[in-house]
Structures are given as structure tokens and as C-alpha cells.
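**Student:** Can you keep this structure in mind? I'll have questions shortly.
The values are calculated or read from the model by the stated rules, or taken from the named source; none is laboratory data. The shown structure was predicted, so the numbers you read here are calculated from the model rather than taken from an experiment. So basically every Cβ, Gly included, is an ideal-geometry build from the backbone, and we count neighbours across all protein chains shown. Side chains included, ligands, DNA and RNA excluded: accessible areas come from the protein's heavy atoms. Shrake-Rupley method; radii C 1.70, N 1.55, O 1.52, S 1.80 Å.
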Amino acid sequence: MAEPLKNEFNASFVAQLGSQLSDKDSSFRLEAFVAAVLDEEWEGRELKNRMRHLTCMIRSHTALVFLDQLEVMKSLAVHYSGLQGMTFPDFVEVYGQEYLAESLVAMKHMTQYSTAEFAIRPFIIKYEKEVMNTLLDWSMDANEHVRRLSSEGCRPRLPWAMALPAFKKDPKLILPILENLKADDSLYVRKSVANNLNDITKDHVALALDLGERWYGDCTHTNWVVKHGLRNLLKQGHPRALQVIGFDDKAKFSVPVCSLSERKLKIGDVLHFEFEVVSEEAQLAFAKVGFVVSYQKANGTLSDKIFHVAEKEFDRGSSFWFKKKLSFKDLSTRKHYLGRHKLGILVNGKKLTDEVFELV
């Protein structure tokens, strides 16, 4: 079993960080800090609570004023990455909101070693114009981590993060940043642009499709951003989204064969299936092939989950066979329930079969 993420914040890390703080700050009370962090509630705290508790204890065990302690935190941030490195932007988030200029400088520095994507969001809410102008400047920075922050930090629906309601309502301030980054040389940056575009599709479909139409065809980097950014619309078979990337939602395809290894399975089994997709067009046709599983829910209704299989170019009247498998082992992210399920084959978003099977 994988180690819980919260264990990145362990006694060894606390002691090491405390020692480094003490080396940089003669007023820092090291022993009291370690004892206060590793209190009787420490083991029960989850990841975010551990990080925030640590942040608060760092601040409460020094005699330095905030701006002086901020310089200490900036100097130590270079030694940490990943989750542990997020301690430093979290410190800025909690204590730096009355020091906008200094906090922005600190987050730009710290994000190069971990990420300030969560920490910058309350600053966006409090100082929208100033911070968005800064993020626009950062979108042209030489450092890919800073450029990525300019997009990731202002995503309207960043998972596990503070929401940005103003941008869910109107994302216009985000768009110039995405324009600057849509063909970025760094895949790390382009993934953020695509995820930002995907966030926008959830509230402003037409706007996202307008961007996709304008960007698609510019270059391979931009094409990847559009396809990844419109991924949920493409899975759903949205006609305009399919058209943006060259799929004709009016092209005719059929699935003459869809064969299931079993019609009755038990939880933990694997379903093997294969199917044939045939083009009925008289000319070259592009197809996005996938399948949808209608899972039984606890309340007796069905819930659909769409899976991508392939994107294929079909010659006139040609066909392709696909073989897939599907596990029904219970996971932390999915629990299976007994009863009727369905499997449908999707071509350009249209369901062309509807096969029934059961978990018994």
C-alpha cells in the first residue's frame, strides 16, 4: 500500500526544517517549535491540516517581524520541493496578504522549487487587478515554473483549491495569459493551459470552443492544448468540439460486432470485449472511438463513465477491430454494485451499441 501523502510531513522533516530556521534566525525557539508541531493531535491531522499547523508554528516561534522572517523562508525554500516545499508558499498565503508586493516576489521565487498555485489564490481574490497584471507579466517569464504558475494559479476550478467565483462567472482576465502560453515550449506549461481551458468549458462552452477554433491548426503544441482542453466535450460527443479537431459528427459508422467474454461477472472479475468499427462513408473519414460503461449505483440507477480508445483515420469503407478489458475490482475511487450494467461503443460521440451484462 502506498505511503499516505501526509507522511511527507513527518518528525524528521519537522526537525530538519526547525534546525534550518534556527540557523538562520537566532530568535527561533527550536525545541519549543518541534514540541508544538508534533503535539498530541499531529498523528490525526491530514495533509493540509499538517501543513497549515506547521505554518502557524513557524510564525509563532520567532521574534522576527514578518518581512524579516519572509526572507528566511525564501532562503530555505530552495532546499525543498514537492509537498514539503509547499510549506513556504503556504506561509506567504497565511501571513503575507497585507504585504502584496513582497508576497508576490516571494511566491515567484518559491514556485520555482515547489508550487504557489494554491497560495496565490486568496491574493487574486483580494487584489484581482494587481495580481492578474502580475500573472500576465509572469506568463512571459524565462522560467517555466513561473509561466506555469501564471496559468495554474488563476484556473477557475483548480482541484483541492480555493475557488475563484469571479473567474467562473467571467474568465476574460485569464484569456491574455492563455494566449501567451498556448504554444509554450514546455509541456508542463501547456498542460496547465489545457486544464485551464477545460475549467472554462464547464461554465462557458461557447467561449472555450471559440478559443479552440482560433488556436487549432497553429502548430502541434497548440493542437495538443486544444484537444486536451476540450477533452470532456469530446468525450461527450459535442458536435462543435468534434468539428474543431477535424472529426465529422455527421460521418456514418457502424459497429456490426461487439463481443463480450462474459454476460455474468463477479466483483473482482475482468470483462474482456472486442468490437469492430466500420466506416460507411465513400471518402476518408476520421473517427474518435471510445466506449461508455453504465455502472450500477447503490440506489439502483445507472451512472455513465466514458473511456477513450483511439482516434483513427478510416479509408473508404474500411474497418478496425479493437480489443479491450475492464476490471470490476473495487478501488478507493470506485465501488461496484451488483445488478445490470451496460456497455456502449462510441464513435464520434454517438453510441452505436448497447450491450447488457450483470454483476452477480
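**Student:** So what is the relative contact order for the chain, in percent, with contacts set as C-alpha pairs under 8 Å and at least six apart? Mind dumping the intermediate values first?
**Tutor:** Details: 589 pairs, mean separation 33.8, N = 360.
Here the relative contact order equals 9 percent.
**Student:** Please give the charge dipole size of segment 1-97, origin at the Cα centre, charges +1 on K and R Cβ atoms and -1 on D and E Cβ atoms. Round to the nearest 20 debye.
**Tutor:** On the way: 9 positive and 14 negative charges, 36 e Å.
Dipole of segment 1-97, to the nearest 20 debye: 180 debye.
**Student:** Please list 3J(HN,Hα) in residue order for segment 280-295, calculated via the Karplus relation 6.51 cos²θ - 1.76 cosθ + 1.60 where θ = phi - 60°; whole Hz, with x for glycine and proline.
**Tutor:** Each residue of segment 280-295 in turn: 10, 8, 8, 9, 4, 9, 9, 9, 9, 9, x, 8, 10, 10, 9, 7 Hz.
**Student:** With percent of Cα pairs over 36 Å apart in mind, check (1) 18; (2) 41; (3) 26 and report the label derived from this structure.
**Tutor:** Correct label, based on the coordinates given: (2).
**Student:** Moving on to the next point. Would you mind putting 64-77, 304-317 in packing order, based on average other-beta-carbon counts within 10 Å, highest first?
**Tutor:** Details: 64-77: 17.2, 304-317: 13.8.
Going from most to least packed, we get 64-77, 304-317.
**Student:** So what J values fall out for segment 191-198 if you push phi through Karplus, 6.51 cos²θ - 1.76 cosθ + 1.60 with θ = phi - 60°, rounded to Hz, Gly and Pro as x?
**Tutor:** Ordered by residue, 3J(HN,Hα) equals 4, 5, 4, 5, 5, 5, 4, 4 Hz.
**Student:** Another question, if that's okay. Going by amide H atoms built from the backbone, whose H comes under 5 Å of the H on residue 341, apart from near neighbours?
**Tutor:** 357, 358, 359
**Student:** Right, something else. Tell me the accessible surface of residue 56 in square angstrom (1.4 angstrom probe, heavy atoms of protein chains only), to the nearest ten.
**Tutor:** It works out to around 40 Å².
**Student:** Given +1 on the Cβ of Lys and Arg, -1 on the Cβ of Asp and Glu, and no further charges, what dipole in debye does the chain carry about its Cα centre, rounded to the nearest 20?
**Tutor:** Values: 49 positive and 48 negative charges, 287 e Å.
Dipole about the Cα centre, nearest 20: 1380 debye.
**Student:** Oh, and also: Would you mind counting up the charge near residue 63? Only other residues with Cβ under 12 Å from its Cβ, with Lys and Arg at +1 and Asp and Glu at -1. Working shown, then result.
**Tutor:** Working: positive: 29, 59; negative: 25, 68.
Its environment carries a net charge of 0.
**Student:** In terms of solvent-accessible area of protein heavy atoms at a 1.4 angstrom probe, what is the ranking of 128, 43, highest value first?
**Tutor:** 43, 128
**Student:** Taking amide hydrogens as modeled 1.01 Å from N in the peptide plane, which residues meet the under 5 Å criterion relative to residue 309, leaving out close sequence neighbours?
**Tutor:** The list, which skips near neighbours in sequence, is 289, 290, 291.
**Student:** Using +1 at the C-beta of Lys and Arg and -1 at the C-beta of Asp and Glu, which of 13, 86, 226 has the Cα lying farthest in the positive direction of the dipole of the chain?
**Tutor:** About the Cα centre, the residue reaching furthest to the positive side is 226.
**Student:** Can you work out the accessible area per residue across segment 306-360, with the rest of the protein chains kept in place, probe 1.4 Å, in square angstrom? Walk me through the numbers before you get to the answer.
**Tutor:** Working: 3320 Å² over 55 residues.
Each residue of segment 306-360 exposes 60 Å² on average to a 1.4 Å probe.
**Student:** Here is a follow-up. For segment 40-195, what relative contact order do you get, as a whole percent, if you take Cα pairs closer than 8 Å and at least 6 residues apart? Kindly include the intermediate steps, with their values, before the conclusion.
**Tutor:** Working: 168 pairs, mean separation 25.6, N = 156.
Reported relative contact order: 16 percent.
**Student:** Ignoring ligands, DNA and RNA, what percent of the 1.4 Å accessible area of the chain is carbon and sulfur? The partial results should precede the final answer.
**Tutor:** Values: 8850 of 17490 Å².
Solvent-exposed carbon and sulfur of the chain make up 51 percent of the total.
**Student:** Place a point 7 Å from the Cα of residue 94 along the Cα-to-Cβ direction; which residues of segment 142-181 have their backbone N under 18 Å from it?
**Tutor:** 161-162
**Student:** Taking 7 Å along the Cα-to-C-beta vector as the label spot, tell me the residue 316-residue 267 distance in nanometres, rounded to one decimal.
**Tutor:** Going by the 7 Å Cα→Cβ label model, 5.4 nm.
**Student:** With θ set to phi - 60°, apply the Karplus curve 6.51 cos²θ - 1.76 cosθ + 1.60 along segment 93-101 and write out the HN-Hα couplings as whole Hz, x wherever there is a Gly or Pro.
**Tutor:** 4, 6, 10, x, 5, 8, 10, 4, 4
**Student:** Same structure, new question: Where only protein heavy atoms count, and the probe is 1.4 Å, what is the accessible area per residue for segment 110-266 in Å²?
**Tutor:** Details: 6960 Å² over 157 residues.
About 44 Å² of surface per residue is accessible.
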